[in-house]
Amino acid sequence: MTDRFAPAVKILQDHQYDSAKLIPILQKVQDEYAYLPEDIMRFVANELDISPAKVFGVATFFAHFAITPKGKHIIKVCNGTACHVKGSSFVINTVKDKLKLKDGQDTTADGMFTLECVSCLGACGLAPVMVVDDVVHGQITPAKAVEIIDEIARQEAKNAD
C-alpha cells in the first residue's frame, strides 16, 4: 500500500471499518484529500466490503461531496430567489469571464479558483451574496467581485515570491 492510501486507512480505523458510517467516513476522506478521488473511493468500498456503486452513489447524491478537485479558493455565489432578483446572474457571469471558465468548467486551469453557484447561502438580507473562502460579501456587484478576485490573485503572487 502506498502512502497515498495511509490517510484513508487511518480514517477507516477511526470508524472501525463500519459501513454504516459511510457518510462520516467520506466526509473525513474529503477533508483529507480536498475531494473524493476515485481510487480512494474504490479503496474505501473494498475495505468496507460494499460495492463501489454504493460509495459513488452516496458521493454523487449529496451536494457537499466533490468528486473532482476544487481550487485553492472557493467562490460561492448565491442564485436563490432574493439574490437572483438583485442581479446575482450578472455576478456569476462576470466571475466566469474573469476566471476564464468555459461552460461546464468550475475550476480554473491553474487550480487557484473554483466557482460554485448555490441555491441559498442564508443571507437573503444581504442579496446578492458571494462567499469566498468562508468570508461573506453582501450586496456584491460584478465590479466588487472582480476586485475581490484580483486581491486574492495579488496575495497569491506576493506569497509565491
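Please report the carbon-and-sulfur percent of the accessible area for the chain; probe 1.4 Å, protein heavy atoms only, DNA, RNA and ligands left out.
Carbon with sulfur: 53 percent of the solvent-accessible area.
Rolling a 1.4 Å sphere over the protein heavy atoms, what is the accessible area per residue of the chain, to the nearest Å²?
That works out to 58 Å² for each residue.
Go through the stretch 49-147 and name the chymotrypsin sites (Phe, Trp or Tyr not before Pro) that are in a DSSP coil and have 15 or fewer other Cβ atoms within 10 Å of their Cβ.
PHE62
List the Cys residues of the chain that have no partner Cys with a C-beta closer than 4.7 Å.
CYS117, CYS120, CYS124
What aspartates and glutamates could a cross-link reach from LYS102, if we take a straight Cα to Cα line under 20 Å and drop same-chain neighbours fewer than 8 places away?
Here the aspartates and glutamates satisfying the reach criterion relative to LYS102 are ASP110, GLU116, ASP150.
In nm, give the distance between the simple-model label positions of ASP97 and ILE67, each being 7 Å from the Cα along the Cα-to-Cβ direction.
It works out to 3.3 nm between the two label points.
Remind me, relative contact order of the stretch 56-161 in percent, using alpha carbon pairs under 8 angstrom and six or more residues apart?
31 percent
Please give the contour-minus-distance gain from VAL118 to TYR17: 0.36 nm per residue of separation, less the Cα-Cα distance, rounded to one decimal in nm.
Length gained between VAL118 and TYR17: 33.0 nm.
Take the Cβ-Cβ distance between VAL85 and ASP150 as r, set R0 to 35 Å, and report the resulting FRET efficiency rounded to the nearest 0.05.
So the FRET efficiency works out to roughly 0.85.
Cross-link candidates for LYS28: which lysines have Cα within less than 26 Å, leaving aside residues fewer than 8 places away along the same chain?
Within the straight-line limit of under 26 Å, LYS28 reaches these lysines: LYS10, LYS54, LYS70, LYS72, LYS76.
Take the Cα coordinates of the chain, assign each an equal point scatterer, and use the Debye formula without solvent to give log10 I(q)/I(0) at q = 0.11, 0.13, 0.16 Å⁻¹.
-0.55, -0.72, -0.93
The values are calculated or read from the model by the stated rules, or taken from the named source; none is laboratory data. In this text the structure is predicted, and so the values were computed from the model without any measurement. Please note: Cβ atoms are built from the backbone with ideal geometry, for glycine as well, and neighbour counts cover all protein chains shown. The protein model used for the area step is the full one, side chains on, heavy atoms only, and it has no ligands, DNA or RNA in it. Shrake-Rupley method; radii C 1.70, N 1.55, O 1.52, S 1.80 Å.
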